[in-house]
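Below is one structure, written out as structure tokens; the observations come after it.
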Amino acid sequence: MLIQTLLANDTTSVKIFFAANEFRISESEQEILDGILPADSSIILRNISIYGYCDSSEKDDKKHSLSLQRANEVKKYLIGKGIAASLISTVEGKGRKILPANEGSGEEIRQVWVIIEYQAVIVEEPIIIKSTRKKKEDDR
């Protein structure tokens, strides 16, 4: 029997960046996604939201579909790493930049924002003590 002690709910987020007009996840960005995945059973994932964005250099008529493609690529990657699809509640292509034009480079704006809600737990195994005493006839 395992005992689980719930510790706390928490949220973390990571931004995954893309080349202009591209939706494929680079190896370096895959490593970032790998780094946010739980390594063991001490973390229970509760919910994952994925939002894709574009920058002003990308064509206006393609922004929504490109930002959605980016978000879906991240979703496919996470599912491929063993995350249950049912945990991914939101996948949106925002089709717009999130920073004013004078802030940040295009690469900083061409991104997918992954927000993960999780709950940390401690998994404990009970201690079982076995007697070393031999049973007597009366104990049987």
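A few comments on the model shown:
- The selection criterion, being within 18 Å of GLU117 (Cβ to Cβ), in a helix (DSSP H, G or I) and at pLDDT 80 or above, does not hold for SER13.
- For the stretch 76-112, the candidate set comprises residues that are basic (Lys, Arg) and under 20 Å from LEU66 (Cα atoms); within that set, the residue that is modelled with the highest pLDDT is LYS76.
- For HIS64: the one exception among (1) at pLDDT 80 or above; (2) within 15 Å of the chain's Cα centre (by Cα): (2)
The values are calculated or read from the model by the stated rules, or taken from the named source; none is laboratory data. What you are looking at is a predicted structure, and each value in this text was computed from that prediction instead of being measured. Here Cβ is always computed from backbone atoms with ideal geometry, including for glycine, and neighbour counts include all displayed protein chains.
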